[in-house]
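Take a look at the structure set out below.
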Amino acid sequence: MNKTGHKQMEVQIMGQSYLLSCPVGGEALLLEAVERVDTAMCRIRDAGKVKARDRIAVLASLNLAYELSQIERKEAEREAEREAESQQFQASSFAGADGSAMAEMGGGFDTDPVDPQTQARVEELMRRLDQTLDRDGRLL
């Protein structure tokens, strides 16, 4: 190890050796990244149109960055959908604190008087539940 908490590893990319450093415990991720880069570069080289190693590396980097951008865009779209669903849920009558959804389902919350202490406790529990759902990012 050259730095505290780092490990040096020798890897092969497109037949050439490289000495790389990574955090201890990150070896598997580094090897996975090396495999992706090696595969991308060899694919470009084997297509036969580009011969220079530096040009192959640039094209492979662009391809990998493009793939990553697609994945990030899809994840952002899914997150936006989850947020919209969460907002719709919170705006629905079921999420209301007045008990109207329970009354619609045959519950009797609106007919029985609730003491202020119980009402405050219910509101606190609802607030905590909303916070937990917001942090979790999932409804179920």
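The values are calculated or read from the model by the stated rules, or taken from the named source; none is laboratory data. Predicted model, so just to flag it, every value in this text is computed and none were measured. Here the Cβ is made from the backbone with ideal geometry for all residues, glycine too, and neighbour counts use every protein chain on show.
Being in a loop (DSSP other than H, G, I, E, B) and loosely packed, with under 11 Cβ neighbours inside 10 Å narrows it down to one of Lys51, Lys74, so name that one. Spell out the reasoning first.
Working: Lys74 fails: in a loop (DSSP other than H, G, I, E, B).
Lys51 is the lone residue from the list that is in a loop (DSSP other than H, G, I, E, B) and loosely packed, with under 11 Cβ neighbours inside 10 Å.
Taking the stated definitions as given, is Ser17 exposed (fewer than 12 other Cβ atoms within 10 Å of the Cβ) and within 28 Å of Gly5 (Cα to Cα)?
Working: exposed (fewer than 12 other Cβ atoms within 10 Å of the Cβ): yes; within 28 Å of Gly5 (Cα to Cα): yes.
When the stated conditions are applied, Ser17 passes them.
So which residues in the stretch 20-48 are more than 30 Å from Gly5 (Cβ to Cβ) and either surrounded by 12 or more Cβ atoms within 10 Å (Cβ to Cβ) or in contact with a strand residue (DSSP E or B) (Cβ under 8 Å, 6 or more places away or on another chain) (or both)? First the steps, then the outcome.
Here is the first cut: in the stretch 20-48, the residues more than 30 Å from Gly5 (Cβ to Cβ) are 42-48.
Hits for the stretch 20-48 are Cys42, Arg43, Ile44, Arg45.
Residue-wise test of (1) in the same structural domain as Arg127 (by TED's automatic domain parsing); (2) modelled with pLDDT of 95 or more.
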| residue | (1), (2) |
| --- | --- |
| Lys3 | no, no |
| Ile13 | no, yes |
| Ala80 | no, no |
| Gly107 | yes, no |
| Asp112 | yes, no |
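Can you spot a residue in the stretch 3-14 that is assigned to a helix (DSSP H, G or I) and without any contact (Cβ under 8 Å) to a residue 24 or more places away in the chain? Working first, answer last.
The initial filter retains those residues of the stretch 3-14 that are assigned to a helix (DSSP H, G or I), namely none.
For the stretch 3-14, residues assigned to a helix (DSSP H, G or I) and without any contact (Cβ under 8 Å) to a residue 24 or more places away in the chain: absent.
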